Structure formats: C-alpha cells, structure tokens
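J.: I am attaching a structure below and will ask some questions about it afterwards.
Taken together, the values in this text are just the output of simple stated rules run on the coordinates, not laboratory data. Here the structure is a predicted model, which is why all the values come from computation and not from measurement. Every residue, glycine among them, receives a Cβ derived from its backbone with ideal geometry; neighbour counts consider all protein chains shown.
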Amino acid sequence: MHVLVLAEHDGTRLRAGTAAALGFGLELAGHDGGTVTCLVLGEHVDGVAQAAAAYGDVLLGDHTVLADPLAERWAEVTAGVVRSEAADILLGASSTFARDVLGRAGGLLGGAMASDVTGFRRDEGRWVWQRPMYAGAVTASVVLCGSPLVVTVRPTAAQAPPHRPQPGSITPVEIDAEGLPGLTTYLGLDSRPSHRPDVTEARVVVSGGRGVKTTDDFERLVGGLADVFDGATGSSRALVDAGLTPNDLQVGQTGKVVAPELYIAVGISGAVQHLAGMKNSRTIVAINSDPHAPIFEVADYGIVGDLYDIVPEMIQQLDAD
Amino acid sequence: MSFLVLVPTKRVPDTDGVIRVAPDGLDVDTSHLSFVINPFDAIAVEEALRIRERRDDVEVVVVGIGAAAYEDELRTALAMGADRAIRVEAPEPLDPWNVSSILAELAVRLEPQLVLMGKQAVDDDSAQAGQFLAARLGWPQATFASRIDDSQHGATVARETDHGIETVSITFPAVITTDLRLNEPRYASLPGILAARKKPIQDITLEELQIEIEPRVELVGLEQVSSSRTGQRLENVSQLLECLRENTDLF
C-alpha cells in the first residue's frame, strides 16, 4: 500500500496541514504495512523538500513551469506521479489549494475521491471514510469505488508525526514541461501581511461577527484579545461580506475549518454554516448580547452581554496577569 | 456563433432547514424540507446573466440533473433570466464523478465557451464536480471566483484562497466555479416569472447521452452530529477567566 501526499507550501515553508496529512497517511499505511511518500512541487523548493524529508521520503518536482500553483499543471504532474509510482491513495490536507489541485487530479484519475475526511476505518478490506455533510450536521461514512483513491483530510483530524531520526531520501521527478498545458496564467496573490498566525494553525482563535461594527473595532477588540494569547483572528461570513474583514479569515462551511484549543466567538450568533467551521474546537467561549443566540448551544462557556464592555475587560484582566 | 454559458445547478435542501438522518440511516429525512437551487449555483446563474448583459450574443443555458421533481428550481433560474433549461433524468444522489460525466457530454454537444457553476453544493459539500469537469475536458479552471472580468478570448478571475485573493487569467473555453462574494443573485421579477412559464425545459435521458452511471462514492452510513457541550452561562469576565485557567493549558 503506497500513500502519496501532495505538499502544500508557500515556496519556503511546508504548511502545517501537510504535516498533519503526512501523519494521517502514516496511520493509513500502518494498517497495511505500507509506505508514505511526500510529493513536493514548485521552483527552487529545496528547503520545502528538506522540511518534508524530516517525516519520510520525498519526491521533488522542481521546475520553472511549476513556479506558481496552477491546478492544470500541478494536477497533471501529480496524476502522472501517482501512475508512475503506482500509488494507491493520493492524499492532501483540506484547503483551497487541495480542492483546486487534488480536485483536478481526481478528475484525471477516475474520480474516486472523498473531501474533508475526518476519520477512517477498515471494513473487510475496504476503506470506510468519515466526512461531514450538510455543513457538518451529519457525518457520512463512504466507500470509494475505483483506484487510485484521492482523499483530502481535515488537518484538525490528524497530527503531524514525529521527525524521523534520519531524514528521508529526496528523489527528483522528471518534469515534461512541453507536455504541460498553458491555458492559465498566474497573475499574483494579494495576501495581507499579518503579524498573527494563520487561523488554521493557532492554539487560540478569537473570531468576530456581526456584533462588531467597524474594522477599527475588529482590530482593537478581536485582534487585541487574540494578541493576548499570541492567537489568530477569525471572522464570520457577515463581516467578510460587509468588507470589514478579508476573506481568508472566514471560518465556516465555505471558509476555513479550525479546531484550536480555545475558540472565542465575539458577537457571532452562530449560524450552522459558521458552527461547521469551529465546533470541534477543544474549548469554546461565546460572548453575545442575545441570550438565545445558537452559538451558546455549542459553547462550553458563555457570557450574555455587550462585547464592547466585555472584551476590553477581558484584555485588561489578562494583561494585568 | 453565440457565446454559450452553461450553468449546471443542483437542487438542495434550503440551508435554513434542520437536517435529520432518516430512519434507514442512509439518507436525510427530506419530508419537512423545502428545496432551492444550491446557493453557489444561484450565484453562477446571476453571473451568467451579468455576462450576457455586458457582451453580445450570449445564451445562458441552465442544467438540472435529477428526477422530475427538479422543475420549480429550474423555473426559478429561468425567471431570473436564463434563456432555456435542460433537465437530465438521473438517479439521485449522484456523486461528483457522474455529474461531471453528464456535464462533459453536454459540453461536447453544446460547445459552451464557459461553464459557470457553484464551487460546492451545500448538501454533500464535496467541491469536486467543477474540477473533475475541467480535467476531463482539458479546459482551464478558475475555482472559487470572487470577480470575473471577461474579454474576447478569456477572463481574468480573482479567486478566494486560504491565503488571500489570487488572480489568474484563463482562455475560453473554461470552467469557473463561483464563491460567495462574486455577486448577489437577483430575485425573479413578476414579468420574469410569467416569461419563465413559456421558456422551454428540455428533458434528456442518460440513454440519449449514452452515459452509464458508474458509482464512485457509496454511502454506507449517516450519523447525526450533536453537540455535547454544557453551555455554562457565566456572570462576568472574572468567572470566565477562572474557568479557562482551570480547564485549559493556556495559562
């Protein structure tokens, strides 16, 4: 049994989700005494390959035609490696990157694909995958028909494996640049620099919702509370739609899924679409002026009141420690 | 030749409905649910209409895949302004691979310049069909679009990613999947609703398309997810911080 994990990175750093996917891959392989290999694609990504090698063997496709993460090229190369390596499972961490690239690879490899997997079991030689449906209202168990299988796993459902005592091998993959499509041109990424960690990677996430009235308030209250914990900020859809927060902060069914140790929902009512993105957090705190807000039903602790009073007091008391 | 925009739509339970697992444990209980066009697909319909408003000779064709029940939602799309609808009779639920098989065959027959569809359906949340379709057709894809600027031979698309807004340009024909902030779908007007009654819904069978369903995803169980949290109400910030100190490792 051979698992191939497609690495996601920013050119220099392996994203945390990929390490979790490698951990999930090792769990799968452990069932069958199989192997896990990480596929790193990009240009000048030796550093990423070395980071991945800390977990095991790496295949490295380093070429100028792969400089930007364009699905039409990356999926083609990935599907080619799956075939040449005879991989049984192609795995990646759930993210917009994986939905784009592995989705397309899944289309090239026959469509036996499960997205956002949160667990698995073996049943009479078949893999049974658990995955959320209907914004997480139900968990489906599905069996995929065909081979290879393509799976994306929620990073929150797996853990990065320990580093190996000796790094794995790094083997170059030959890239047929001429054979790759060129119908898409990458024009750039408008990424707002932030001193805070990514919302999917932080131990503490403080999220703001409709109760927060301005961008300044968001920064001062939600950002201020996050900073006390060296945490990340998140946002409900309402604030992103209103232009108060950038899209990459959105937590929910159609945004990011997080499961930090502590999630503080500030002025968020708790639509099921938002709950889908955070309800597996270890501890959940809700602050809302509406005592009937559904967020209280998924919270461990709640305070009913005005966030404009409560959050500054929290910051003050925590700072005093 | 006209610029044909194909807009596949899926019929899904209204997102305000409460989802409960049916007694057989293999489906959701739909008896109390109302149905709508998948919200992301409604955004795709709206964007197709806007493209028709800004360029010449555009035809907007919506596609529904499913049983005969799939009519009201297609009429809604027609009432919004789509030119015509195609309904492909197929068993439900259909996994993304088989959806893409049907759409790929329609694309070969209708030769659209653009397939615009939701980035995911809010029932199974797979987010695969658009990418599968693009891969099988060998067309470029721009997923999770929050802005589309079309030109003669292609489009520049802003994409919502986990790390910010990415911009790509693609050549037609292409598949674009739509994200939440691309637009706000219009409501059907009364004249639109009246006009929609006369617009054609063409029924096509899988036999006509020469497609055999080849399942890729077999559902073997559905489980209700319920929250087991205590939901303890606290009076003030001091109490809250005390609870957090006692019950988390963060301090």
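J.: Translational diffusion coefficient, Stokes-Einstein: compute it for segment B:17-68 using the Kirkwood radius over C-alpha pairs as Rh, at 20 °C and 1.002 mPa s, and state it as an integer in µm² s⁻¹.
T.: Rounded to a whole number, D works out at 153 µm²/s.
J.: Segment A:195-225 to segment A:260-321: how many Å between their Cα centroids?
T.: Taking the Cα centre of each part, segment A:195-225 and segment A:260-321 sit 12 Å apart.
J.: Mind computing the radius of gyration and Dmax over the alpha-carbon atoms of chain B? Å is fine for both.
T.: Rg, Dmax (Cα atoms, Å): 21.1, 70.
J.: To continue, here is another question. Helix B:39-54 against the longest principal axis of chain B: what's the angle in degrees, Cα atoms only, rounded to the nearest 10?
T.: Helix B:39-54 and the main axis of chain B meet at about 40 degrees.
J.: What ranking, highest mean first, results for peptides B:38-50, A:91-103, B:19-31 when packing means the other Cβ atoms within 10 Å averaged over each residue? Please report the intermediate quantities before stating the final value.
T.: On the way: B:38-50: 24.7, A:91-103: 27.2, B:19-31: 13.8.
The densest-packed peptide leads the list: A:91-103, B:38-50, B:19-31.
J.: Continuing with the same structure: Per residue of A:127-134, what is the mean number of Cβ atoms on other protein chains within 10 angstrom of that residue's Cβ?
T.: Counting other chains' Cβ atoms within 10 Å and averaging over A:127-134 gives 5.
J.: With the alpha-carbon atoms as the only input, what is the per residue convex hull volume for segment A:204-320 in Å³?
T.: In segment A:204-320, the Cα hull volume divided by residue count equals 86 Å³.
J.: In degrees between 0 and 90, to the nearest 10, how far off the longest principal axis of chain A does helix A:307-320 point, with axes built from Cα atoms?
T.: 80
J.: Still on this structure: Can you pull the mean other chain C-beta count within 10 Å for peptide B:137-145?
T.: That works out to 5 on average.
J.: What is the ratio of the Cα radius of gyration of segment A:112-208 to 2.2 N^0.38 Å, with N the residue count, to two decimals?
T.: For segment A:112-208, the normalised Cα radius of gyration is 1.53.
J.: Segment A:6-84 to segment B:50-71: how many Å between their Cα centroids?
T.: 39
J.: Explain nothing, just the number: relative contact order of segment A:2-179, from Cα pairs under 8 Å at least 6 residues apart, as a whole percent.
T.: Details: 382 pairs, mean separation 51.7, N = 178.
Worked out over segment A:2-179, it gives 29 percent.
J.: Express the relative contact order of chain A as a whole percentage, based on alpha carbon pairs under 8 Å and six or more residues apart in sequence.
T.: 14
J.: Now for a separate question. Net charge near A:Thr96, counting Lys/Arg +1 and Asp/Glu -1 over other residues with Cβ under 10 Å of its Cβ? Walk me through the numbers before you get to the answer.
T.: Numbers: positive: A:Arg99, A:Lys256, B:Lys119, B:Arg159; negative: A:Glu8, A:Asp100, A:Asp248, B:Glu160, B:Asp162, B:Glu166, B:Asp179.
Counting the neighbours of A:Thr96, the net charge comes to -3.
J.: Hey, got the average number of other protein chain Cβ atoms within 10 angstrom for residues in A:274-284? Let's see the in-between values first.
T.: Values: counts 0, 2, 2, 0, 0, 3, 1, 0, 3, 6, 3.
Across A:274-284, the average partner-chain Cβ count within 10 Å equals 2.
J.: Right, something else. Can you check what the Kirkwood hydrodynamic radius comes to for segment A:2-179, Cα pairs only, in Å to one decimal?
T.: 16.0
J.: Okay, helix-only estimate at 222 nm for chain A: each DSSP H run of n ≥ 4 adds -39500 (n - 2.57), divide by all residues, round to 500 deg cm²/dmol; what do you get?
T.: -7500 deg cm²/dmol
J.: When only alpha-carbon atoms count, how far does chain A stretch along each of its three principal axes, as whole angstroms with the largest first?
T.: 60, 45, 41
J.: What ranking do B:Thr248, B:Thr230, A:Thr283 get, fewest neighbouring Cβ atoms within 10 angstrom at the top?
T.: Placing the least packed residue first, the sequence is B:Thr230, B:Thr248, A:Thr283.
J.: If contacts are Cα pairs under 8 angstrom and at least 6 residues apart, what is the relative contact order of chain B in percent?
T.: 23
J.: Could you pull the Rg and Dmax for the protein assembly as shown, using just the Cα atoms, both in Å?
T.: Final numbers for Rg and Dmax: 23.6, 73 Å.
J.: Only Lys, Arg, Asp and Glu count, each charged at its Cβ (+1, +1, -1, -1), so figure out the dipole size of segment A:151-219 about its Cα centre, rounded to 20 debye. Let's see the in-between values first.
T.: Values: 7 positive and 9 negative charges, 98 e Å.
About 480 debye.
J.: From the Cα gyration tensor of segment B:108-171, with a ≥ b ≥ c the square roots of its eigenvalues, which class applies: rounded if a/c is under 1.5, or else prolate if a/b is larger than b/c, or else oblate?
T.: oblate
J.: Compute the helix-to-body angle for A:96-108: its Cα long axis versus the longest principal axis of chain A, expressed 0 to 90° and rounded to tens.
T.: Once rounded, the angle reads 30 degrees.
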